[in-house]
Amino acid sequence: MTIAAAPLIEANDLNVWFDLPDGRELHAVRGVELKVNPREKLGLVGESGCGKSTVLMALMGLLPSSASVSGSVKVGGVELLAGGESAFRAHRWRDVSIVFQGAMNALNPVIRVDRQITEALELHGVASGPAAHRRANDLIRLVGLPEAALRRYNHELSGGMRQRVALAMALSCDPKVLLADEPTTALDVMVAAQVLALIDRLTRELDLALVLVTHDLPLVTRTCDRVQVMYAGKVAESGTPAAIYHEARHPYTRLLFAATADLHGSGPDPVTIHGSPPRLDHVVEGCGFASRCPRAQTDCTIQTPVLHTAGEGRAWACHHPEGRK
Ligand SMILES: Nc1ncnc2c1ncn2[C@@H]1O[C@H](COP(=O)(O)OP(=O)(O)OP(=O)(O)O)[C@@H](O)[C@H]1O
Ligand SMILES: [Mg+2]
């Protein structure tokens, strides 16, 4: 399909609850707003458990059956959540694709790379037979691997090579948006840099938009056009890297960056964010960050801050935001 000028992918008031085995619910994603325009690179950051992967799975329509979802997910302006699985199936992999968290460790150990790629191509209805093999050759070269890699098994590949194979599979249907969930987490620094350079090159060459989930904040500010900071299932703040880095309004954003070591070693020592995020299997009263926040006042523990929008792509959810530096 041709995606028109509407945002490539958009979520509004997205909520996800997981049923827990003991009958309770965990409210993992709480009213998230997200928008990605053509060729835009969005970085999604925040502490472990804040809901980044769950948002991506909701965008793909791939949440487990224990999850309930509400709100809106649109691809190219077309509402998918209301349309259910058949609506998602029409766009999944073809318009929106994903490299899952830990994808490089999820390749099938007993079939060779070429079969894994051609099976994906056949499954997604892209190509079969000799055409699928030709496409697999093209894809493997696209991700910078030699054709010989197609004849290898998982255990014969290095971590970086496996991540490139996962990327090739994600690109097999020529998507418009790639969701990359911590694509370099398990890789050493040098290989991670190579994989990121590859993703960066591919986004340009293939006109791809990117949602990059990572804990690497310096990377996000270098690579992305916009950064969205999540906390306890909500959007805490979003803006350009410059705004998020130099003019963060949410105290959590400032602390998150202050907690990150300065790569050049020239800045102040990293700080620790005391306490931990609220449990999402309990009702979160007021601002979920209040108990850890140096600026919290009484209203923060009572009233949930709404996302305050201050121009295109710039927003924060805080009752007592930091001033500009
Ligand atoms: N299938 C599930 N069943 C129950 N709870 C889940 C399930 N998947 C995720 N959760 C919970 O939802 C919340 C969000 O998890 P999610 O994996 O989206 O976080 P994340 O930001 O991707 O974390 P990380 O940085 O560690 O990957 C967490 O509290 C997690 O325990
Ligand atoms: Mg995750």
Check your understanding: Which ones in region 202-218 are out of contact with any Ser or Thr (no Cβ under 6 Å at 6 or more places or on another chain), surrounded by 13 or more Cβ atoms within 10 Å (Cβ to Cβ) and either closer than 16 Å to residue 39 by Cα or touching a residue at least 60 places away in the same chain (Cβ under 8 Å) (or both)?
Key -> 202, 203, 206, 208, 209, 211, 212, 213, 214, 215
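When you scan region 5-19, do you find a residue that is more than 16 Å from ligand 2 (Cβ to nearest atom) and out of contact with any Gly (no Cβ under 9 Å at 6 or more places or on another chain), even just one?
Of the residues in region 5-19, the ones more than 16 Å from ligand 2 (Cβ to nearest atom) are 5-13, 15, 17, 19.
Filter once more, keeping what is out of contact with any Gly (no Cβ under 9 Å at 6 or more places or on another chain): 17, 19.
Yes, that holds for at least one residue.
Listed here are the residues, each with its yes/no results for (1) among the aromatic types (Phe, Trp, Tyr); (2) buried (at least 20 other Cβ atoms within 10 Å of the Cβ); (3) on the phi < 0 side of the Ramachandran plot.
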| residue | (1), (2), (3) |
| --- | --- |
| 19 | no, no, yes |
| 28 | no, yes, yes |
| 32 | no, yes, yes |
| 35 | no, no, yes |
| 56 | no, yes, yes |
| 62 | no, no, yes |
| 76 | no, yes, no |
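Test of understanding: among 223, 184, 272, which residue is surrounded by 16 or more Cβ atoms within 10 Å (Cβ to Cβ) and out of contact with any strand residue (DSSP E or B) (no Cβ under 9 Å at 6 or more places or on another chain)?
Numbers: 223 fails: out of contact with any strand residue (DSSP E or B) (no Cβ under 9 Å at 6 or more places or on another chain); 272 fails: surrounded by 16 or more Cβ atoms within 10 Å (Cβ to Cβ).
Only one candidate passes the filter, namely 184.
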Check your understanding: Which one of these is hydrophobic (A, V, I, L, M, F, W, C) and more than 16 Å from ligand 2 (Cβ to nearest atom): 186, 180, 242?
Key -> 242
**Study point:** Count - residues of region 188-218 that are closer than 28 Å to residue 94 by Cβ and not polar (S, T, N, Q)
**Key:** 18
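Condition test on residue 135, is it over 19 Å from the mean Cα position of the chain (by Cα) and not in a strand (DSSP E or B)? Please lay out each step first, then the result.
Working: over 19 Å from the mean Cα position of the chain (by Cα): yes; not in a strand (DSSP E or B): yes.
So residue 135 passes the test.
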Check your understanding: Checking residue 48 against (1) surrounded by fewer than 17 Cβ atoms within 10 Å (Cβ to Cβ); (2) over 23 Å from residue 241 (Cβ atoms), which single condition isn't satisfied?
Key -> (2)
Practice item. Quickly run through region 49-79 and pick out the residues that are among the hydrophobic types (A, V, I, L, M, F, W, C), within 16 Å of ligand 2 (Cβ to nearest atom) and not in a helix (DSSP H, G or I). Key: 50, 62, 63, 67
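Just name the residue that is surrounded by the fewest Cβ atoms within 10 Å (Cβ to Cβ) out of those in region 287-325 that are among the charged types (D, E, K, R) and not in a loop (DSSP other than H, G, I, E, B).
By that ranking, first place goes to 299.
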Review point. Under the condition of being within 16 Å of ligand 2 (Cβ to nearest atom) and not aliphatic (A, V, I, L, M), which residue from region 87-132 is farthest from residue 182 (Cα to Cα)?
Key: 105
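Where a number appears in this text, it was derived from the coordinates with a stated rule and is not lab data. In this text the structure is predicted, and so the values were computed from the model without any measurement. When we count neighbours, we look across all protein chains shown, and the Cβ atoms used for this are built from the backbone with ideal geometry, even at glycine.
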